[in-house]
Every structure is written in C-alpha cells, then in structure tokens.
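To keep things clear, I will list the structure first and then write my remarks on it.
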Amino acid sequence: MTENGKEVTLSGQIWQPDGFKAGRLTLEGAKITRLEFGQNLVADYEFGENYICPGLIDLQLNGGLGYDFTRDPTTVPPVAAALPRWGVTAFLPTYITAPLETYFTALKWLADYAENLPGARVLGAHLEGPYLNPAFKGAHPETFIRPPDFAEVKNLLEIGGKWLKMLTIAPENPGALEIVQYLAHKGILVSAGHSGASYDEALAAFKAGVGCATHLFNAMPPLHHRKPGLIGATLVTPGISANLIVDGVHLHPAMVKLTYQQKDAADIVLITDAMAGLGMPPGRYDLAGQAVIVDDTSAYLDDQHHTLAGSILTLNRAIQNMVEFSGCTPAEAVQMATLNPARLLKLDDHLGNLTPGYAADIAVFSPDFQPLLTIIKGEIVFSDDKS
C-alpha cells in the first residue's frame with residue numbers, strides 16, 4: 001500500500017494474540033513492514049480506539065448475493081468481490097455433496113481463474129462431501145452421498161492440485177481413515193462432519209490426521225453423558241479445532257460458552273457456512289439445486305422438517321456474537337477468525353497476523369465490529385464512507 005511510492009501508516013488499537021495495543025502499522029506494497037507500539041502515534045490513517053485486525057478468513061462459505069457455488073462453480077467472483085465489506089480478506093469456496101463432476105469442474109475453474117480475482121483471496125476449495133453419513137446429511141442431497149473411494153480422492157487431488165485445501169468426511173465410514181491419512185500427509189485439512197462417529201472412532205480419526213470438526217454440534221449426534229461421540233472427543237482433545245457457526249440459530253449461546261470454557265481459544269474457529277442468501281433480502285434461494293427459505297435470521301430447506309441449510313451469518317457478526325455469548329475477549333474472538341484458520345490451512349507463516357513480513361491483509365472495525373476499512377494485498381478494497 002503506497003501513496004506516490006511512499007510507505008503508508010495506520011494507527012489505532014492493533015490486534016495481537018494477547019490483546020489490543022495502541023500502535024502503528026507501516027505498509028509498503030503488499031506487505032507489512034513495521035509494527036510499533038505507543039500512544040498517539042501519527043499516521044496517514046488514524047483510527048483511534050477502533051480495532052486494526054488481520055483480515056478475516058472463512059473456511060466454509062457456500063455462496064452469497066444469490067449465488068450458490070455448488071450449483072454453479074463459476075459464480076465465485078462476485079462473492080469474492082463483496083466479502084471485504086464484512087472484513088473478509090480470504091476464504092474457501094465450499095461445495096457441498098454433489099456429483100463428482102461438480103467437484104472436477106470447480107477445481108478446474110479455480111485452477112484457471114482464482115489466482116488473481118479481485119476482492120477476497122480464494123485460498124482453495126472446501127469439499128464438504130460426498131463421503132458423509134446419510135443419517136446425518138443435514139441439508140446435503142442424499143442422492144449424491146457415496147461411500148469413501150480412495151481412487152476418486154486421488155483423482156480429485158490430481159485434478160485439483162493446490163486448489164483442494166479442505167475435505168469434510170464422516171470418519172466412521174469404511175475406508176475413510178485411509179483417505180484421512182493420505183490427504184493429511186499431502187498437507188490438506190481434513191475435517192470430521194456430517195458424522196455419527198463414536199468417541200473412539202473420533203479419536204481414531206484424530207490420530208489418522210483429522211484436524212477439526214465441521215460445524216461442531218450440527219449434523220452429528222447430540223452430546224450424551226454415556227455416548228460422548230464426536231462432540232465429546234473434540235471438546236476434550238487439545239489441538240483439534242471446534243469450527244462453530246455462532247449465529248444464535250445453529251448453537252444456543254450456552255453451548256458456545258461451554259465450548260469456549262472447555263477449549264483453548266486457539267482451538268476454536270469461527271465459520272459462517274453462509275449460502276446464497278448472504279447479503280440478500282428474505283426470500284427463496286438455492287443450495288445445490290434445493291429450494292431454501294431465508295428469513296431475517298436463518299436459512300432452511302423448504303421441507304416439512306425446516307432443516308437448517310447453511311446460514312446468512314457474516315464473519316464480523318460471528319466475532320461480535322462470540323464475545324457476547326461466551327465472554328471471551330475481543331482479541332480472542334478475532335483470533336478465531338484470523339490466525340486460527342490460517343494455522344489450520346498451514347498459511348500462518350504469512351496470513352492471519354499483524355507482524356512485519358506478513359501480507360498486508362487488514363480489516364479495521366469499530367469496537368462493536370462494524371467494518372470501517374478493508375485492505376487486501378496492500379490495497380484498500382472497502383471503506384466505510386461514514387468512518
């Protein structure tokens with residue numbers, strides 16, 4: 001970020017893992033070059049008591065603005081362009097259970113076009129399926145759920161290359177652990193979800209390489225005192241991330257607080273699982289070819305069960321809710337949407353932090369997490385004209 005070839009500075013309350021501190025960031029080009037702490041430091045952009053944070057990273061985003069990635073994998077660009085208005089600077093387009101051809105098309109499209117799209121960085125694909133447990137399918141079309149197939153996964157990886165970043169799988173299915181081990185060895189994040197795994201099966205999956213649980217508590221058996229299952233295993237295993245949809249719909253605030261009290265803040269990741277209704281008025285939208293009703297707070301299938309079908313949550317609102325529901329500090333909640341997802345993707349050597357040498361991907365928020373400014377690769381991509 002330069003003005004007439006010069007460095008540019010921002011001052012305010014700068015996020016650090018142990019809290020917000022008054023200071024100043026210096027940016028040059030697409031990198032952070034200097035970090036200083038102190039009161040009343042003069043800067044080109046002065047934000048006072050507002051929060052200067054790393055750009056937000058969403059590991060699970062199905063679409064938005066009326067677009068559904070699974071139905072049409074080429075609709076990523078308009079959503080990527082819109083995400084900075086909520087402070088999001090990087091994300092994983094997520095493709096739910098679908099015919100294998102959909103995944104091949106999505107991965108090929110990402111390889112051809114995603115590298116230099118304007119807006120939020122496209123980090124790669126999250127395939128949420130198709131190797132799930134049909135009994136816990138949630139809003140996934142059961143027609144396309146299939147048993148784990150090692151040859152198919154190898155083919156997906158050969159086609160997708162670096163663009164396959166995350167796979168959600170039900171680890172209790174026969175053959176699933178072989179896939180987990182293979183993908184984890186290749187550096188791909190494997191998550192347990194849409195699963196009926198027992199406690200012991202979940203522990204075996206963690207040992208094989210599963211690193212997190214997809215939307216913990218949702219699309220899995222509830223926590224039971226004699227059958228702790230995947231939820232219990234995730235809560236008591238250090239280093240396994242609990243990925244949470246903190247919209248007040250998918251989880252009661254008490255369950256959010258319970259998770260925070262049990263897990264280290266470094267082992268919680270905030271996701272949106274947002275779908276086509278994100279950023280849109282209430283109405284009927286699409287999720288992988290299925291009709292979804294969106295109201296003011298939630299999205300659900302147009303079926304007799306009103307099955308939840310993703311969310312309309314924004315990631316900045318998830319941070320605000322996390323603070324309110326759990327009692328965590330604002331700095332901890334920001335970590336759950338920045339450094340923690342970067343660590344899961346093994347990108348924390350250049351994303352998710354505010355330190356010299358890291359990417360100049362920055363989101364500035366008011367203390368109630370209303371977005372004021374978003375910078376990606378050193379360039380301003382969103383500014384609240386009222387700030």
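Residue check: Leu177 meets all listed conditions (1) under 21 Å from Arg146 (Cα atoms); (2) under 23 Å from the mean Cα position of the chain (by Cα) but one, namely (2). If I ask for residues that are modelled with pLDDT of 95 or more and under 19 Å from the mean Cα position of the chain (by Cα), which ones from segment 139-169 would you list? Matches in segment 139-169: Ala139, His140, Trp163, Leu164, Lys165, Met166, Leu167, Thr168, Ile169. Would it be correct to say that Tyr199 is closer than 24 Å to Leu100 by Cα and over 16 Å from the mean Cα position of the chain (by Cα)? Spelling it out, it is not the case that Tyr199 is closer than 24 Å to Leu100 by Cα and over 16 Å from the mean Cα position of the chain (by Cα). For the structure I just gave you, tell me whether Arg146 is farther than 26 Å from His305 by Cβ and among the basic types (Lys, Arg). Against the criterion (farther than 26 Å from His305 by Cβ and among the basic types (Lys, Arg)), Arg146 does not qualify.
Each row is one residue, and each column tells you yes or no for (1) in a helix (DSSP H, G or I); (2) surrounded by fewer than 16 Cβ atoms within 10 Å (Cβ to Cβ).
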residue: Pro147; (1), (2): no, yes
residue: Lys154; (1), (2): yes, yes
residue: Gly160; (1), (2): yes, no
residue: Lys165; (1), (2): no, no
residue: Asn173; (1), (2): no, no
residue: Leu177; (1), (2): yes, no
residue: Leu183; (1), (2): yes, no
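Of the residues making up segment 114-129, those that are over 21 Å from Leu373 (Cα atoms), touching a residue at least 12 places away in the same chain (Cβ under 8 Å) and not hydrophobic (A, V, I, L, M, F, W, C) are Gly124, His126, Glu128, Gly129.
Where the second residue is assigned to a loop (DSSP other than H, G, I, E, B) and at pLDDT below 95 and the first is surrounded by fewer than 18 Cβ atoms within 10 Å (Cβ to Cβ) and lies in segment 219-243, which pairs have Cβ atoms under 8 Å and are six or more apart or on separate chains? The qualifying pairs are Pro238/Asp264. For segment 84-107, a residue qualifies if it is in a helix (DSSP H, G or I) and either farther than 22 Å from Gly160 by Cβ or touching a residue at least 40 places away in the same chain (Cβ under 8 Å) (or both), and the qualifying residues are Pro84, Arg85, Trp86, Leu100, Tyr103, Phe104, Leu107.
One residue stands out among those in segment 69-118 that are under 16 Å from the mean Cα position of the chain (by Cα) and among the β-branched types (Val, Ile, Thr): the one that is farthest from Asp58 (Cα to Cα), which is Ile96.
The values are calculated or read from the model by the stated rules, or taken from the named source; none is laboratory data. Owing to the predicted nature of the structure, the values given are computational and were not obtained by experimental measurement. So basically every Cβ, Gly included, is an ideal-geometry build from the backbone, and we count neighbours across all protein chains shown.
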